[in-house]
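Structure, as structure tokens:
The values are calculated or read from the model by the stated rules, or taken from the named source; none is laboratory data. What you are looking at is a predicted structure, and each value in this text was computed from that prediction instead of being measured. Because the Cβ atoms are built from the backbone with ideal geometry, glycine has one as well, and the counts that use them run over all protein chains shown. In case anyone asks, the SASA skips ligands and DNA or RNA and just uses the protein heavy atoms, side chains included. Shrake-Rupley method; radii C 1.70, N 1.55, O 1.52, S 1.80 Å.
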Amino acid sequence: MLPYRRLGGTGISVSPYTLGTMMFGSIGNGDHDDAVRIIHSALDRGINFVDTADMYSAGESEVIVGKALQGRRDAVVLATKGHFPLDDDPAPNTSGNSRRYLIRAVEASLRRLGTDYIDLYQVHRPDWDTDIEETLGVLTDLVREGKIRAFGSSTFPAHEIVHADQVARERNLMRFRTEQPPYNILDRGIEADVLPVAERLGLGVLTWSPLGFGFLTGRYRKGVSVENAGRSALRPAWFDPSDPTTARKLDVVEQLVEVADGIGATLPELAMAFPLAHRAVTSVIIGPRTMTQLDAALAGADLVLDDATLDRIDEIVAPGERVYNAAPPTYPWLVDSARRRR
């Protein structure tokens with residue numbers, strides 16, 4: 001395992017890999033005992049950072065994490081997120097980043113996690129209907145109450161990160177300390193704006209989707225038929241080889257396999273090492289469903305890519321290029337005609 005890193009300006013030390021728990025619960029591994037074993041195995045291998053969210057399996061993931069951390073809580077940096085509704089048919093005021101909702105969401109997460117504090121609480125997405133001052137205000141109050149230690153954003157565009165920082169400074173509120181964006185060789189878009197902004201503001205960066213929604217596992221190859229299961233069943237359009245974007249991804253994968261072979265690594269090991277090569281990235285989130293997947297994710301944990309390898313990757317996928325967009329923004333001013341017409 002690589003050396004621990006500082007999480008932004010918080011003074012908290014975290015492992016270079018974070019255990020993401022989205023796949024624990026009904027949408028992935030519903031066996032609580034098995035999921036707890038996976039979490040314990042990750043902790044035993046040096047991971048001290050665990051990330052979850054209230055919407056993962058409608059709170060079940062947080063319950064599993066809470067079980068796993070009994071007796072080990074003080075040794076773990078625990079992060080969770082709130083914003084999304086937990087029900088398929090949500091009632092009003094049961095999502096978002098308002099004071100009314102976030103207070104309830106944090107209290108509920110604390111109960112499910114079986115702890116009295118959260119090390120890092122993140123707003124899972126921007127809320128375009130709530131003033132950022134209100135969001136920062138309630139998060140500041142929650143820190144002062146001791147319920148959370150620090151807070152950050154997740155999948156925020158660069159301009160919103162800058163705006164939030166400016167408001168915090170002007171209103172004497174606490175600032176976002178982290179950002180959690182998608183980042184992998186197939187989606188390098190954040191290199192153009194989010195990563196430079198995060199570095200300038202001193203934010204810790206926790207990246208997700210290092211394996212490019214499964215394309216960088218090596219399972220999906222050009223000319224190879226894949227059973228419609230797992231991720232390909234979840235979003236089949238993303239894996240249609242007749243789609244130009246999918247065809248481009250498959251072409252890139254073939255070239256990356258050659259790069260990995262050239263340095264004696266596997267494609268997943270190359271993919272996992274890539275985000276950590278950027279100086280603004282603090283930790284990479286892995287999201288195993290099984291022990292086998294955890295083993296594979298950590299197999300190349302000590303791999304450091306040299307300049308020649310990174311230069312070759314740049315030739316295949318240019319810095320800032322998006323072969324696909326892992327998290328396309330849903331700006332209301334683009335989908336609501338009333339916001340752009342007189």
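Cβ-Cβ under 8 Å, sequence separation 6+ or interchain: first residue in region 41-53 and modelled with pLDDT of 95 or more, partner acidic (Asp, Glu). Which pairs?
Correct list of pairs: Thr52/Glu62; Ala53/Glu62.
Within region 112-123, is there a residue that is in a helix (DSSP H, G or I) and either in contact (Cβ under 8 Å) with a residue 24 or more places away in the chain or crowded, with 20+ Cβ neighbours inside 10 Å (or both)?
There is at least one residue in region 112-123 that is in a helix (DSSP H, G or I) and either in contact (Cβ under 8 Å) with a residue 24 or more places away in the chain or crowded, with 20+ Cβ neighbours inside 10 Å (or both).
Taking the residues in region 40-49 that are surrounded by fewer than 24 Cβ atoms within 10 Å (Cβ to Cβ) and in contact with a helix residue (DSSP H, G or I) (Cβ under 7 Å, 6 or more places away or on another chain) as candidates, determine which candidate is nearest to Ile12 (Cα to Cα).
Filtering region 40-49 for residues that are surrounded by fewer than 24 Cβ atoms within 10 Å (Cβ to Cβ) and in contact with a helix residue (DSSP H, G or I) (Cβ under 7 Å, 6 or more places away or on another chain), the one nearest to Ile12 (Cα to Cα) comes out as Asn48.
How many residues does region 186-202 contain that are free of Cβ contacts under 8 Å to residues at least 12 places away in the same chain and not in a helix (DSSP H, G or I)?
Number satisfying all stated conditions: 0.
Mind checking which helices (runs of 4 or more DSSP H) fall wholly inside region 280-342 and carry at least 1 residues that are charged (D, E, K, R)?
291-298, 307-316
Answer yes or no: is there a residue in region 210-231 that is surrounded by fewer than 22 Cβ atoms within 10 Å (Cβ to Cβ), among the polar types (S, T, N, Q) and in contact (Cβ under 8 Å) with a residue 12 or more places away in the chain.
Yes, region 210-231 contains at least one residue that is surrounded by fewer than 22 Cβ atoms within 10 Å (Cβ to Cβ), among the polar types (S, T, N, Q) and in contact (Cβ under 8 Å) with a residue 12 or more places away in the chain.
Sort out which residues of region 124-144 are open to solvent by 70 Å² or more (accessible area, probe 1.4 Å) and in a loop (DSSP other than H, G, I, E, B), and write them in order of number.
Trp128, Asp129, Asp131
From Val205, Val257, Val162, grab the single residue that is open to solvent by less than 30 Å² (accessible area, probe 1.4 Å), aliphatic (A, V, I, L, M), modelled with pLDDT of 95 or more and part of a helix (DSSP H, G or I).
Checking each option against the conditions leaves just Val257.
Write out, first by first residue and then by second, each pair whose Cβ atoms fall under 8 Å of each other, whose residues are 6+ apart or on separate chains, and whose first residue, in region 1-15, is at negative phi while the second is open to solvent by 30 Å² or more (accessible area, probe 1.4 Å) and among the aromatic types (Phe, Trp, Tyr).
Correct list of pairs: Ser13/Tyr4; Val14/Tyr4; Ser15/Tyr4.
Filter region 10-24 down to residues that are of a type in the set (Gly, Ala, Ser) and surrounded by fewer than 23 Cβ atoms within 10 Å (Cβ to Cβ) and give me whichever is nearest to the chain's Cα centre (by Cα).
Here the residue is Ser13.
Condition test on Ser109, is it modelled with pLDDT of 95 or more and open to solvent by 20 Å² or more (accessible area, probe 1.4 Å)?
no
Looking at Glu145, Glu179, Glu170, which one is among the charged types (D, E, K, R) and closer than 16 Å to Ala327 by Cβ?
Checking each option against the conditions leaves just Glu179.
Would a scan of region 281-295 turn up a residue that is in contact with a helix residue (DSSP H, G or I) (Cβ under 6 Å, 6 or more places away or on another chain), modelled with pLDDT under 95, buried (at least 17 other Cβ atoms within 10 Å of the Cβ) and not basic (Lys, Arg)?
no
I'd like the full set of residues that are open to solvent by less than 60 Å² (accessible area, probe 1.4 Å), at pLDDT 95 or above and not β-branched (Val, Ile, Thr), limited to region 87-106.
Ser95, Gly96, Asn97, Ser98, Tyr101, Leu102, Ala105
May I ask you to verify whether Thr266 is in contact with a helix residue (DSSP H, G or I) (Cβ under 7 Å, 6 or more places away or on another chain), among the β-branched types (Val, Ile, Thr) and open to solvent by 20 Å² or more (accessible area, probe 1.4 Å)?
For Thr266, the condition - in contact with a helix residue (DSSP H, G or I) (Cβ under 7 Å, 6 or more places away or on another chain), among the β-branched types (Val, Ile, Thr) and open to solvent by 20 Å² or more (accessible area, probe 1.4 Å) - is met.
Tell me which of these Asp187 doesn't satisfy, since it passes every other one: (1) open to solvent by 30 Å² or more (accessible area, probe 1.4 Å); (2) closer than 30 Å to Phe239 by Cβ.
(1)
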